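Report on the following structure.
The values are calculated or read from the model by the stated rules, or taken from the named source; none is laboratory data. All values reported here derive from a predicted model rather than from experimental measurement. Cβ atoms come from the backbone with ideal geometry, glycine included; neighbour counts cover every protein chain shown. Just the protein is used for accessible areas: all its heavy atoms, side chains included, with ligands, DNA and RNA removed. Shrake-Rupley method; radii C 1.70, N 1.55, O 1.52, S 1.80 Å.
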Amino acid sequence: VQLQAYGGGLVQAGGSLRLSCAASGRTFSTYATGWFRQTPGKERKLIAAITGSGGSTYYADSVKGRFTISRDNANNTVYLQMNSLKPEDTAVYYCAATLYWSTRGNLNDYNYWGQGTQVTVSS
């Protein structure tokens with residue numbers, strides 16, 4: 001599976017962005033997918049995840065109620081809708097896929113990674 005994340009950009013606090021993670025491969029629906037983010041000097045952290053079917057989701061407390069993860073398996077794409085953005089949401093965002101449902105945030109649980117996309121929220 002190859003992943004490509006895009007949709008980042010510069011937005012003012014309180015604004016919205018939608019990130020997309022496009023995947024290659026006909027079996028993408030069998031992979032759970034997560035969105036991680038990382039700021040300089042800090043660990044990459046899991047902020048949202050969704051099962052292959054889309055039936056279950058996970059959110060970190062820091063984004064719960066503001067971000068929504070969803071997927072369109074017909075188009076091999078996972079989305080992260082980010083609303084009410086805050087300056088502390090500024091980070092590089094990565095999508096990753098795994099055959100196993102994992103919300104531990106362990107990077108080794110995820111086998112495939114997209115390149116990052118920068119999100120910058122100005123105050």
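Among residues of segment 1-28 that are in contact (Cβ under 8 Å) with a residue 24 or more places away in the chain, those with a Cβ under 7 angstrom from a residue that is surrounded by fewer than 13 Cβ atoms within 10 Å (Cβ to Cβ) and in a helix (DSSP H, G or I), sequence gap 6+ or separate chain, pair up as Ala13/Pro87.
Filtering segment 92-119 to residues that are closer than 15 Å to Tyr6 by Cβ and not aliphatic (A, V, I, L, M) leaves Tyr93, Tyr94, Cys95, Trp113, Gly114, Gln115, Gly116, Thr117, Gln118.
Please go through segment 21-63 and pick out each residue that is aromatic (Phe, Trp, Tyr) and under 22 Å from Gln2 (Cα atoms). Quick ask: steps written out before the conclusion?
Initially, segment 21-63 is screened for residues aromatic (Phe, Trp, Tyr), giving 28, 31, 35-36, 58-59.
Residues satisfying the conditions are Phe28, Tyr31, Trp35, Phe36.
When Thr120 is tested against (1) within 25 Å of Val11 (Cα to Cα); (2) open to solvent by less than 40 Å² (accessible area, probe 1.4 Å); (3) part of a strand (DSSP E or B), exactly one condition is not met: (2). For segment 86-100, the count of residues that are under 21 Å from Leu10 (Cα atoms), touching a Gly at 6+ places or on another chain (Cβ under 6 Å) and among the aliphatic types (A, V, I, L, M) is nonzero. For segment 1-109, the strands (runs of 3 or more DSSP E) that sit wholly inside it and include 3 or more residues that are surrounded by 13 or more Cβ atoms within 10 Å (Cβ to Cβ) are 3-6, 17-23, 32-38, 45-50, 57-59, 67-72, 77-82, 91-98.
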